[in-house]
Amino acid sequence: MEVRVEEIWDETYLINTYNDRIDLTFNQYVINDDWPMLVHAGSAQQFDSVTNGLKRVCLIEDLEYILISHFESDECGALSRFLDRNPDLSPVCSEITARQLCGFDIHQDPVVKEGGDTLDLGSRTLKFLNYPAEMHLWNGILAYDSDDDGLFSSDLFIRRGPVDELVVAEDIALESISPDRIPNQEEYRMMVDRLIELSPRWIAPGHGPVLERRA
Ligand SMILES: [Fe+2]
Ligand SMILES: [Fe+2]
């Protein structure tokens, strides 16, 4: 699988692969700070392509954290393989995702975060948002890089199909997240309100191009 790597903002890199069988791109991100973080593991099948992309930025052994926005195969299917290579790597996730990681015996002590919490990566600080992503609308988390004004939006603002330009500038309405992403009106509205309050310049989704919002 061809892997593309591009710096999308300061020392933050997109790793992008396209799966033509399901007509969908998969994105991981490397925040190459003092304590480097990988945003999403990819699936077990994507491990080789993701690590091929990752090594253009840093070594697996250098990673301090891996963000798991929610418990699904494309977000954490390869987590065990990363932990085989770097047992000191700490998953960062919601309490409910941590319960899954413990229960499936993938990791027994993840770093648990909820909306409003922060994490220092060295030169930047991540802030977290609750994200109703799990089955039964259990909370996952999204991370926001407040120094670079970039939101790692997971399965919000995703686009199908191959990607030509990895980063595109557009007028994106934050109310435009597809209702089927959060099929509960109250949770949907709360998510939109959180996004509007944040109003990030960059949106880095799990699938499709990175979006630079025009002011
Ligand atoms: Fe997902
Ligand atoms: Fe996804």
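Name every residue in the stretch 1-46 that is crowded, with 17+ Cβ neighbours inside 10 Å, within 16 Å of ligand 2 (Cβ to nearest atom) and of a type in the set (A, V, I, L, M, F, W, C), in order of residue number. Answer for the stretch 1-46, where residues must be crowded, with 17+ Cβ neighbours inside 10 Å, within 16 Å of ligand 2 (Cβ to nearest atom) and of a type in the set (A, V, I, L, M, F, W, C): L14, I15, L24, F26, L38, V39, A41.
In this entry, S43 is excluded by the filter for residues that are more than 22 Å from G140 (Cβ to Cβ) and among the hydroxyl-bearing types (S, T, Y). Determine whether T125 is of a type in the set (V, I, T) and more than 16 Å from ligand 1 (Cβ to nearest atom). Yes.
Quick one: would you say E114 is open to solvent by 70 Å² or more (accessible area, probe 1.4 Å) and farther than 18 Å from A204 by Cβ? Considered against the rule, which asks whether it is open to solvent by 70 Å² or more (accessible area, probe 1.4 Å) and farther than 18 Å from A204 by Cβ, E114 comes out as yes. Under the condition of being more than 15 Å from ligand 1 (Cβ to nearest atom), among the hydrophobic types (A, V, I, L, M, F, W, C) and within 13 Å of the chain's Cα centre (by Cα), the residues counted in the stretch 31-65 number 3.
Going by the conditions given, is D74 under 17 Å from the mean Cα position of the chain (by Cα), modelled with pLDDT of 95 or more, open to solvent by 10 Å² or more (accessible area, probe 1.4 Å) and over 22 Å from I15 (Cβ atoms)? Spelling it out, it is not the case that D74 is under 17 Å from the mean Cα position of the chain (by Cα), modelled with pLDDT of 95 or more, open to solvent by 10 Å² or more (accessible area, probe 1.4 Å) and over 22 Å from I15 (Cβ atoms).
For the stretch 58-71, name all the residues that are open to solvent by 30 Å² or more (accessible area, probe 1.4 Å) and either touching a helix residue (DSSP H, G or I) at 6+ places or on another chain (Cβ under 6 Å) or touching a residue at least 12 places away in the same chain (Cβ under 8 Å) (or both).
Selection gives E61, D62, E64, Y65, F71.
Tell me whether the stretch 142-156 contains one or more residues that are within 16 Å of ligand 1 (Cβ to nearest atom), within 22 Å of D74 (Cβ to Cβ) and open to solvent by 80 Å² or more (accessible area, probe 1.4 Å). Checked against the condition, which is being within 16 Å of ligand 1 (Cβ to nearest atom), within 22 Å of D74 (Cβ to Cβ) and open to solvent by 80 Å² or more (accessible area, probe 1.4 Å), the stretch 142-156 yields no hits at all. Checked against the criterion of being surrounded by fewer than 19 Cβ atoms within 10 Å (Cβ to Cβ) and among the aromatic types (F, W, Y), the stretch 81-104 has at least one qualifying residue.
The values are calculated or read from the model by the stated rules, or taken from the named source; none is laboratory data. Treat the numbers as computed from the prediction; the structure is a model and nothing was measured. Counting neighbours? That spans all protein chains shown, and the Cβs are built from the backbone with ideal geometry, glycine included. With ligands, DNA and RNA removed, areas are computed over all heavy atoms of the protein, side chains included. Shrake-Rupley method; radii C 1.70, N 1.55, O 1.52, S 1.80 Å.
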